[in-house]
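Undergrad: Handing you this structure, nothing more for now.
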Amino acid sequence: MRVSGINKSFPGVKALDNVNFAVRKGTVHALCGENGAGKSTLMKIINGIYKADSGQIFLDEKPVTIKDPIQARDYGIAMIAQELNYVPEMSIEENLFLGRLPVTKFGNVDWKRVRRETIEFLRQENLPYKPDQKLKTLTVSDIQMLEIIKAISNNAQIVIMDEPTSAITNREVEVLFGKIAELKKKGVSIIYISHKMEEVFRIADDITVLRDGKTVETHPASEIDLDKVIALMVGRKMDNVYPKEEVEIGEPILEIEGLGSKGVFKDINFKANKGEIVGFAGLMGAGRTETMRAIFGLDPYDEGKIKVHGKEVTIKKVSDSIAQKVVMLSEDRRRYGIIPIRSVMENASISSLDKIIYGGRWHPKVEKELVSKYFEKMHVKTPSLETAIQGLSGGNQQKVLLAKWMLRDPDVLILDEPTRGIDVGAKFEIYRLMTDLVKEGKTVIMVSSELPELIGMCDRIYIMNKGRITGCLSKDEFSQETIMRYAM
Amino acid sequence: VGCSSSDSKKDSKSDKKDGYKVAYIARAQEDSFAAWLADEMRAAFKKTGDMSLEVFDGEANDEKENSIIENCIANGYDGIIVQANNGEAQLPYIQQIVEADIPCITTNPRVECEGTGSVDADPYEQAKVNCELALKKIPKNAKVVVLQGPAGNFHSTKRREAWKKEFFDKRSDVKILAEDIANWNKDEAMQLMEDWVQAYGKIDAVISMNDNMAAGAIEAVKDNAKYKNMQAYGVDGTAEACLLIKEGKMTSTGLQSAIDLAKMNTEAMHDVLTGKKKVTDINDNVPAPLITSDNVDEYIQMYKDNGQIKE
Amino acid sequence: MKNSKARDFIHKFSIYIILVAMFIICAIVNDNFLSARNLINVARQLSVGTILAYGEMLLVIAGLIDLSVGSVLALAGVLSIAAYQSTGSLLVGFLVAIAVGVACNFINAILVTHFDVPAFIATLAMQMSARGAALRFTNGQNLLQLKDYTVFGQGNLGPIPMPVVFMIIITIITWYIMTHTRFGRSLYAIGGNEGAAIASGINVKRNKYIIYIINGIFAGIAGVLFMSRVNAGLPNGAVGYEMEGLTATIVGGTSFSGGVGTTMGTLAGGFIIGFLNNIMNLMGVDSYVQQIVKGIIIALAVVADIRSKNKKTQKVILAADDNDDKKEKAAAK
Amino acid sequence: MKNSKARDFIHKFSIYIILVAMFIICAIVNDNFLSARNLINVARQLSVGTILAYGEMLLVIAGLIDLSVGSVLALAGVLSIAAYQSTGSLLVGFLVAIAVGVACNFINAILVTHFDVPAFIATLAMQMSARGAALRFTNGQNLLQLKDYTVFGQGNLGPIPMPVVFMIIITIITWYIMTHTRFGRSLYAIGGNEGAAIASGINVKRNKYIIYIINGIFAGIAGVLFMSRVNAGLPNGAVGYEMEGLTATIVGGTSFSGGVGTTMGTLAGGFIIGFLNNIMNLMGVDSYVQQIVKGIIIALAVVADIRSKNKKTQKVILAADDNDDKKEKAAAK
Ligand SMILES: Nc1ncnc2c1ncn2[C@@H]1O[C@H](COP(=O)(O)OP(=O)(O)OP(=O)(O)O)[C@@H](O)[C@H]1O
Ligand SMILES: Nc1ncnc2c1ncn2[C@@H]1O[C@H](COP(=O)(O)OP(=O)(O)OP(=O)(O)O)[C@@H](O)[C@H]1O
Ligand SMILES: [Mg+2]
Ligand SMILES: [Mg+2]
């Protein structure tokens, strides 16, 4: 497959600018680029979701037009979208066959076949679910696996994977890579998009870098190294991925004693000290998110104590923890993060309304100054402060949300998967911000499923498994193997 | 389609302990006249001692009203009084009552169906008494506006017809500036009148198919000196209309007395159930006296007696 | 284990349980309720509303709504009668009603899918326009002398009244559409996650047209039944029936957030409301009090339904031995 | 650049442009329209509807709705008059109206926030119950002899009718709430993404109570103005006013998907509908045709507004991945 001269503009942005790109048969072609470089847009054009303003798609050197996903499917193109395309209220079997339910010769849906094939899939993939279970009852990682199965099961010739590993566990990543190898053998081409460079180098045959909507270069993976790719992506060299600095560690700021929530987590004891970055590792579903949500007042807890600056506090709702200067950035940006249709400014100031609305009046100037100050500090890229936040790239959205919490000047900042789906450049800036914070004597708790970043940034790492803390490692004990041992 | 008339085999029922069960299906309990009539019916039935009354609400909806008729037939009432929402629409169902051998009286309005009796206040007559006065009182070349009830409403149509035949056809000099539907509502009539005042400047008379709407129109020009001598005609003889006539703001209205209607219905039903009369012999009309400033005091007294007018 | 099965059962069938409970209560409090005649009456009375409820259900599942259905019913009904009266053909009358229902809903669909007008406002505009058109056409007067046209609403098929026959047929068709056709399934996807539906190759726009058209067909049929049952062409009839239809479908478990709802649930919703109206009339409850009670019971039925469903869905992370006393956790939501 | 500035301008002010266009057209087609008396007349007529529209706006912005407002207005109005008649105190009458409005809406809020009943169904139930209560209380009869009570609806402050004075005050209060209070700001967040609002430390439940309570206060005031203006306690008055209020706020740019809407937009929406009603009456348009035209113009106004916005943000809203499922929740709630 080959595309040439693709242009695509959205109101206010030129997303793709004369892009050329070719995939060889039976290879894995990685597409790299910063957030907003246009990777997903390009893939959506190939999959018929968007229409290119100009340019041509060739399949086996024959020009084709793809006007919708049905046609793409007929051409043998399948796509695992970045934003998971599932219907939470529908059953597993229906999601698997979404948009392509088989029908009998009478035109009614062939439910027997659907059931049979679903059971077959679930058995093959070792998923312990019933076919009629609703998707909303599954974990995100299993949903992701289903999406992958769905795309592959189509007998496609070209499979597009837009960040397929952003929400699955290491073990499942291995399963995925096994499948990719199988597909390659069958002569299927795979377009693979990921911000995880290790993965890219493990499986890619070719690497294309996209920057600001333009194709920068394509190289065989064997002829290029990590630094070079990063340099192509961000347009400059980046020598240190983890800007960790030594900071003097002080007294505890946050102490958790015996925290428990029936059926979810139990016996949680840990503390986070001044100047410290504390990591939380664990497999997906280990209960880290739930623990942090309880500390932040989003979920209730039934037992245990939370102490801030040595004093016990009661946290029943989010405003309680904000009052204690404990804040949290959710892993689920879409559900618990952005307010899509509101402006970036409003998104940033929503938790600090007391600072801009006082004396019975709203002070727009103050709001603007305050928000701009943090936006500058964090290099938020936005057309204007009035832009709706949904128009920003994921990395920039994440920075806006961080700015929201910075405005509160927190003592404890809990970051749940802060770098998920975010490009290397933005990751770096988030790391740098963490470093700056602890230098100011704050404490940062980072929950992450990326062991390298935990190891690179943290002073101590707690490991959770099945709702309990199973280990705590200090800096000299850090290694992927040790962490995984406690996590399983 | 013939309706078989119901023979009286009632005697066997007359010694039932709890007396006769009668259903009254009201047009709409949200309509203030219908609600008043239902109240008076209840009161009148209570006085008889040997008849009990259940009141049902047709909610101004033919489908609902028909459904209730069906329910009442199914549930074995000794007699049914129907206040039709729409005579034609209820006709087949009233026929079913007759077929089920249940004595049926239609009231306010009368529904023409063989085998039933009726007690009515004739809407044509109610408007006509106003027309007679209007012929004399409305000045030459007067400009008037007309307010109607809901589209297709039997009473509104009949009253309007009376105004046409008994007044407008005889007074070709009178000009209708505007005519619109205010759905029997005071507030809708008030808003229409406000706009008409802006559009036409001078209006000599308001001709309204009921008192509520007439009161709304009067309300809209209450403080406007230019309209001090405006005439207003309504129908119903509501308490509010009586007060307005007393104040000199309204010209006249044709009384439709819920008290009289209820009384006559009760008596008729009693006569039928006790075998004194055949239901088909019931064919009564309540009088539709004209209320003007000359005789309004007696009606105000009537409303004071039943509590609708205080002090 | 057993406990959780029972809970599953209650969760899945809560609305039917409410319906059965109501049925039993009605039967106990009033002797006449259980008579065959009365039950047939109830079925006949709720048939028009339930047919409309199916149309609303399709729409609400797909994230849409129709506020115009009462007016469209009236317009379709009066034009149908006029057509019958001038041709003498019942078939022509019937087809005209359907054509009118479809035409109005086609306009609704254009506004909603092509001009991005919120369904609420597009169909509210249609509500006004269609009502105005019905009144204009008849000059506000009721059409009378329907003759044989009354067969649709007043005839019987054996012991079963025609409107009930229509309702049963439409129930089966709706059930079939929702469970056995691709179109039906795609509605759940559209309402559940429109983006996913588009990306899965579902033609969302076309499907929205089809939904409105089906809704139009139902409205047309309802128009025929309504007018024929009341034995008159009432341009002013069926005001507010959109709310009746919506109430039945929502009480029956369809959710305004889209993607959820079943044919049988809607039918149950229709019956709950039908029983409610019937029993209160049977018991001679004062009509004002009826309204008060009806509001309260509808709210209670929905509360009960929602409560029983909310009981579940907290995930369990702790290993089984850690929580022998078994899960249950107030969902954080 | 200039071009895009112009577009920005049109985008931001489209509803006001539509309003001005309408004003000009009205002034051209009818001489009486521009007279001071007529304009005051229009303002007085639209004041009650606009006050209700502000309540609906607060609710819709936060993803809620109130279908009970017409009934609650009636209940508040008749109880208020009864209180006035038995105490002779205007203040007591006024306060009773507000208390009734608040009480009804407090129940709405409990159902919605604590029992998770969809706002649509909860307030529909209240619509029935409140209307039943108003009718029960008055026995279906209009309350007469309001005497001084009419000052609220018929009095004047200088040249300005009292209802307009109330509308102006409430407009200012609403505008102030929406722009200068934390509460107002958080409504946009709640409607825009409730989960995010909770996670940002906003007390969503409490805010929902406050919204309904404000809505109740507005409904109570509207009840006083309505009854006092018509000089009677009409238990069956103001039927369908919820739709008038909703129409004004939606025409004014508030979105059913939540998180969007402005006080001034709603005011403009109220005026658009007020002008429309007025000009058609001034021109003596047949009332059936009025309905047809009103439907068409409302649809056109919304189409024009949406089209002008589509040029920019709307497209982003429709296409952006992050929002796919939010979109077209539109119809509901
Ligand atoms: N539907 C849309 N409407 C407007 N702008 C859009 C839309 N989709 C994408 N964009 C813009 O186009 C540009 C490219 O976006 P795209 O999603 O293709 O980036 P990406 O490379 O996939 O980024 P990421 O790594 O964050 O997934 C961005 O500036 C984005 O804001
Ligand atoms: N209360 C909740 N409601 C809805 N979704 C939730 C809730 N808590 C977590 N999730 C979602 O479920 C997804 C999967 O969570 P998972 O089962 O992996 O648990 P976890 O406790 O977050 O595990 P981890 O240890 O990886 O943080 C998360 O990405 C999150 O989006
Ligand atoms: Mg992307
Ligand atoms: Mg997590």
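Undergrad: Being within 9 Å of another protein chain (Cβ to nearest Cβ) and over 29 Å from A:Ser141 (Cα atoms) is the filter here; which residues of segment A:89-105 pass it?
TA: Listed by number, the list holds a single entry, A:Val103.
Undergrad: Can you tell me which residues in segment B:225-253 are within 19 Å of B:Ile309 (Cα to Cα) and assigned to a helix (DSSP H, G or I)?
TA: Result: B:Ala239, B:Glu240, B:Ala241, B:Cys242, B:Leu243, B:Leu244, B:Ile245, B:Lys246, B:Glu247.
Undergrad: When you go through D:Gly132, D:Gly153 one by one, which is the residue that is touching a Lys or Arg at 6+ places or on another chain (Cβ under 7 Å), within 30 Å of B:Tyr303 (Cα to Cα) and in a helix (DSSP H, G or I)?
TA: Details: D:Gly132 fails: touching a Lys or Arg at 6+ places or on another chain (Cβ under 7 Å).
Criteria check complete, one pass: D:Gly153.
Undergrad: Could you tell me which of the residues A:Val327, A:Val313, A:Val308, A:Val278 is at the interface with another protein chain (Cβ under 10 Å from one of its Cβ atoms), more than 16 Å from ligand 3 (Cβ to nearest atom), at negative phi and not charged (D, E, K, R)? Let's see the steps before the verdict.
TA: Numbers: A:Val313 fails: at the interface with another protein chain (Cβ under 10 Å from one of its Cβ atoms); A:Val308 fails: at the interface with another protein chain (Cβ under 10 Å from one of its Cβ atoms); A:Val278 fails: at the interface with another protein chain (Cβ under 10 Å from one of its Cβ atoms).
Just a single option satisfies the conditions, and that option is A:Val327.
Undergrad: Considering every residue within segment B:96-108, establish whether at least one is closer than 25 Å to D:Met283 by Cα and part of a loop (DSSP other than H, G, I, E, B).
TA: Of segment B:96-108, the ones closer than 25 Å to D:Met283 by Cα are none.
No, there is no match, as no residue in segment B:96-108 is closer than 25 Å to D:Met283 by Cα and part of a loop (DSSP other than H, G, I, E, B).
Undergrad: Within segment A:256-304, which residues are of a type in the set (D, E, K, R), closer than 14 Å to A:Ser321 by Cβ and surrounded by fewer than 20 Cβ atoms within 10 Å (Cβ to Cβ)? Let's see the steps before the verdict.
TA: First, pick out the residues of segment A:256-304 that are of a type in the set (D, E, K, R): A:257, A:262, A:266-267, A:271, A:274, A:276, A:288, A:290, A:293, A:299, A:302-303.
With the extra rule that they be closer than 14 Å to A:Ser321 by Cβ, the set shrinks to A:293, A:299.
Of everything in segment A:256-304, nothing turns out to be of a type in the set (D, E, K, R), closer than 14 Å to A:Ser321 by Cβ and surrounded by fewer than 20 Cβ atoms within 10 Å (Cβ to Cβ).
Undergrad: Please work out which one of (1) in contact (Cβ under 8 Å) with a residue 60 or more places away in the chain; (2) assigned by TED's automatic domain parsing to the domain that holds D:Ala133; (3) part of a helix (DSSP H, G or I) is the condition D:Ser14 fails and give its number.
TA: (2) is the only condition that D:Ser14 fails.
Undergrad: Could you go through segment C:253-263 and let me know if any residue there is out of contact with any Gly (no Cβ under 7 Å at 6 or more places or on another chain), closer than 30 Å to C:Ile28 by Cα and either of a type outside the set (Phe, Trp, Tyr) or open to solvent by 10 Å² or more (accessible area, probe 1.4 Å) (or both).
TA: Looking through segment C:253-263, at least one residue is out of contact with any Gly (no Cβ under 7 Å at 6 or more places or on another chain), closer than 30 Å to C:Ile28 by Cα and either of a type outside the set (Phe, Trp, Tyr) or open to solvent by 10 Å² or more (accessible area, probe 1.4 Å) (or both).
Undergrad: Could you please find all residues in segment B:234-252 being in contact with a strand residue (DSSP E or B) (Cβ under 8 Å, 6 or more places away or on another chain) and more than 18 Å from B:Asn153 (Cβ to Cβ)? Reasoning before the result, please.
TA: So in segment B:234-252, the residues in contact with a strand residue (DSSP E or B) (Cβ under 8 Å, 6 or more places away or on another chain) come out as B:234-238, B:241-242, B:244-245, B:249-252.
Hits for segment B:234-252 are B:Gly237, B:Ala241, B:Cys242, B:Leu244, B:Ile245, B:Lys249, B:Met250, B:Thr251, B:Ser252.
Undergrad: Let me ask something else about it. Among the numbered criteria (1) open to solvent by 30 Å² or more (accessible area, probe 1.4 Å); (2) touching a Phe, Trp or Tyr at 6+ places or on another chain (Cβ under 9 Å), which single criterion is violated by A:Glu477?
TA: Of everything listed in (1) open to solvent by 30 Å² or more (accessible area, probe 1.4 Å); (2) touching a Phe, Trp or Tyr at 6+ places or on another chain (Cβ under 9 Å), A:Glu477 misses just condition (2).
Undergrad: Does segment A:293-314 hold any residues that are part of a loop (DSSP other than H, G, I, E, B), in contact with a helix residue (DSSP H, G or I) (Cβ under 9 Å, 6 or more places away or on another chain) and within 16 Å of ligand 2 (Cβ to nearest atom), and which are they? Spell out the reasoning first.
TA: Initial filter on segment A:293-314 (part of a loop (DSSP other than H, G, I, E, B)): A:296-302, A:309-310, A:314.
Pick out the ones that are also in contact with a helix residue (DSSP H, G or I) (Cβ under 9 Å, 6 or more places away or on another chain) and you get A:296-301, A:314.
Residues satisfying the conditions are A:Phe296, A:Gly297, A:Leu298, A:Asp299, A:Pro300, A:Tyr301.
Undergrad: Quick test for you: out of A:Gly48, A:Gly36, pick the one residue that is part of a loop (DSSP other than H, G, I, E, B) and within 10 Å of ligand 3 (Cβ to nearest atom). It would help to see each step written out before you state the result.
TA: Details: A:Gly48 fails: within 10 Å of ligand 3 (Cβ to nearest atom).
Exactly one residue qualifies, and that residue is A:Gly36.
Undergrad: Quick one: which helices (runs of 4 or more DSSP H) sit completely within segment A:140-253 and have at least 3 residues that are surrounded by 17 or more Cβ atoms within 10 Å (Cβ to Cβ) and within 16 Å of ligand 2 (Cβ to nearest atom)?
TA: Fully inside segment A:140-253 and qualifying: A:140-152.
Undergrad: Next question, about the same structure. Please state which one of A:Lys271, A:Lys228, A:Lys186 is assigned by TED's automatic domain parsing to the domain that holds A:Ser449 and basic (Lys, Arg).
TA: On the way: A:Lys228 fails: assigned by TED's automatic domain parsing to the domain that holds A:Ser449; A:Lys186 fails: assigned by TED's automatic domain parsing to the domain that holds A:Ser449.
Residue meeting the stated conditions: A:Lys271.
Undergrad: Here is a further query. Does A:Glu290 satisfy being at pLDDT below 95, within 12 Å of ligand 4 (Cβ to nearest atom) and either within 14 Å of chain C (Cβ to nearest Cβ) or in a strand (DSSP E or B) (or both)? Don't jump to the end; show me each part of the working.
TA: On the way: at pLDDT below 95: yes; within 12 Å of ligand 4 (Cβ to nearest atom): yes; either within 14 Å of chain C (Cβ to nearest Cβ) or in a strand (DSSP E or B) (or both): yes.
Considered against the rule, which asks whether it is at pLDDT below 95, within 12 Å of ligand 4 (Cβ to nearest atom) and either within 14 Å of chain C (Cβ to nearest Cβ) or in a strand (DSSP E or B) (or both), A:Glu290 comes out as yes.
Undergrad: When the residues of segment A:125-139 are narrowed to those that are in contact (Cβ under 8 Å) with a residue 24 or more places away in the chain and assigned to a helix (DSSP H, G or I), which ends up surrounded by the most Cβ atoms within 10 Å (Cβ to Cβ)? It would help to see each step written out before you state the result.
TA: Here is the first cut: in segment A:125-139, the ones in contact (Cβ under 8 Å) with a residue 24 or more places away in the chain are A:125, A:129-136, A:138-139.
Add one more test, that the residue is assigned to a helix (DSSP H, G or I), and what stays is A:135-136.
Numbers: A:Leu135: 22, A:Lys136: 13.
Out of the qualifying residues, it is A:Leu135.
Undergrad: Also, I was wondering about something else. Just checking, which of A:Ala281, A:Ala348 is touching a helix residue (DSSP H, G or I) at 6+ places or on another chain (Cβ under 7 Å) and within 23 Å of A:Phe375 (Cβ to Cβ)?
TA: Sole residue among the options that is touching a helix residue (DSSP H, G or I) at 6+ places or on another chain (Cβ under 7 Å) and within 23 Å of A:Phe375 (Cβ to Cβ): A:Ala348.
This table checks each residue for (1) away from ligand 3 (no atom under 16 Å from the Cβ); (2) surrounded by 23 or more Cβ atoms within 10 Å (Cβ to Cβ).
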residue: A:Lys8; (1), (2): no, no
residue: A:Asp17; (1), (2): yes, no
residue: A:Gly26; (1), (2): yes, no
residue: A:Lys44; (1), (2): no, yes
residue: A:Gln56; (1), (2): yes, no
residue: A:Glu61; (1), (2): yes, no
residue: A:Ile70; (1), (2): yes, no
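Undergrad: Suppose we filter A:Ala37, A:Ala78, A:Ala52 for residues that are at pLDDT below 90, within 13 Å of ligand 1 (Cβ to nearest atom) and within 23 Å of the chain's Cα centre (by Cα); which single one remains? Lay out the reasoning, then the answer.
TA: On the way: A:Ala78 fails: within 13 Å of ligand 1 (Cβ to nearest atom); A:Ala52 fails: within 23 Å of the chain's Cα centre (by Cα).
It is A:Ala37.
Undergrad: If you don't mind, another one. Just one of (1) touching a residue at least 60 places away in the same chain (Cβ under 8 Å); (2) more than 25 Å from C:Leu234 (Cα to Cα); (3) under 20 Å from the mean Cα position of the chain (by Cα) trips up C:Lys205, so point out which.
TA: With (1) touching a residue at least 60 places away in the same chain (Cβ under 8 Å); (2) more than 25 Å from C:Leu234 (Cα to Cα); (3) under 20 Å from the mean Cα position of the chain (by Cα) applied to C:Lys205, the lone miss is (3).
Undergrad: Of all the residues that make up segment D:151-178, how many are touching a residue at least 12 places away in the same chain (Cβ under 8 Å) and open to solvent by 20 Å² or more (accessible area, probe 1.4 Å)?
TA: First, pick out the residues of segment D:151-178 that are touching a residue at least 12 places away in the same chain (Cβ under 8 Å): D:151-154, D:159-164, D:166-167, D:170-171, D:174-175, D:177-178.
Retained after the next criterion (residues that are open to solvent by 20 Å² or more (accessible area, probe 1.4 Å)): D:151-152, D:154, D:159-160, D:162, D:166, D:175, D:177.
The qualifying residues number 9.
Undergrad: Separate question: One residue is enough: does segment D:198-207 have a residue meeting the conditions away from chain A (no Cβ under 11 Å), under 25 Å from D:Val48 (Cα atoms) and crowded, with 22+ Cβ neighbours inside 10 Å?
TA: Within segment D:198-207, not a single residue is away from chain A (no Cβ under 11 Å), under 25 Å from D:Val48 (Cα atoms) and crowded, with 22+ Cβ neighbours inside 10 Å.
Undergrad: Considering only segment A:267-274, I want to know if a residue exists there that is more than 14 Å from every other protein chain (Cβ to nearest Cβ) and either in contact with a Cys (Cβ under 8 Å, 6 or more places away or on another chain) or within 16 Å of ligand 3 (Cβ to nearest atom) (or both).
TA: Here is the first cut: in segment A:267-274, the ones more than 14 Å from every other protein chain (Cβ to nearest Cβ) are A:269-274.
Subsequent filtering for residues that are either in contact with a Cys (Cβ under 8 Å, 6 or more places away or on another chain) or within 16 Å of ligand 3 (Cβ to nearest atom) (or both) retains A:270.
Checked against the condition, which is being more than 14 Å from every other protein chain (Cβ to nearest Cβ) and either in contact with a Cys (Cβ under 8 Å, 6 or more places away or on another chain) or within 16 Å of ligand 3 (Cβ to nearest atom) (or both), segment A:267-274 yields at least one hit.
Undergrad: State all residues of segment C:30-65 that are in contact with an Asp or Glu (Cβ under 7 Å, 6 or more places away or on another chain) and either open to solvent by 10 Å² or more (accessible area, probe 1.4 Å) or not assigned by TED's automatic domain parsing to the domain that holds C:Tyr209 (or both); if no residue qualifies, say none.
TA: C:Gly49
Undergrad: Going by the conditions given, is B:Ala84 of a type in the set (A, V, I, L, M, F, W, C) and part of a helix (DSSP H, G or I)?
TA: Considered against the rule, which asks whether it is of a type in the set (A, V, I, L, M, F, W, C) and part of a helix (DSSP H, G or I), B:Ala84 comes out as no.
Undergrad: Right, here's the next one. How about segment A:334-347: which of its residues are more than 8 Å from every other protein chain (Cβ to nearest Cβ) and open to solvent by 20 Å² or more (accessible area, probe 1.4 Å)?
TA: Once the filter is applied, which keeps residues that are more than 8 Å from every other protein chain (Cβ to nearest Cβ) and open to solvent by 20 Å² or more (accessible area, probe 1.4 Å), segment A:334-347 yields only A:Met345.
Undergrad: Report, by residue number, each residue of segment C:226-252 that is at the interface with another protein chain (Cβ under 10 Å from one of its Cβ atoms), open to solvent by less than 20 Å² (accessible area, probe 1.4 Å) and β-branched (Val, Ile, Thr).
TA: Those that are at the interface with another protein chain (Cβ under 10 Å from one of its Cβ atoms), open to solvent by less than 20 Å² (accessible area, probe 1.4 Å) and β-branched (Val, Ile, Thr): C:Val230, C:Thr247, C:Ile250, C:Val251.
The values are calculated or read from the model by the stated rules, or taken from the named source; none is laboratory data. These numbers come from a predicted model, not from an experiment. No Cβ is skipped: glycine too gets one built from the backbone with ideal geometry, and neighbour counts run over all protein chains shown. Only protein heavy atoms, including side chains, enter the accessible area calculation; ligands, DNA and RNA are left aside. Shrake-Rupley method; radii C 1.70, N 1.55, O 1.52, S 1.80 Å.
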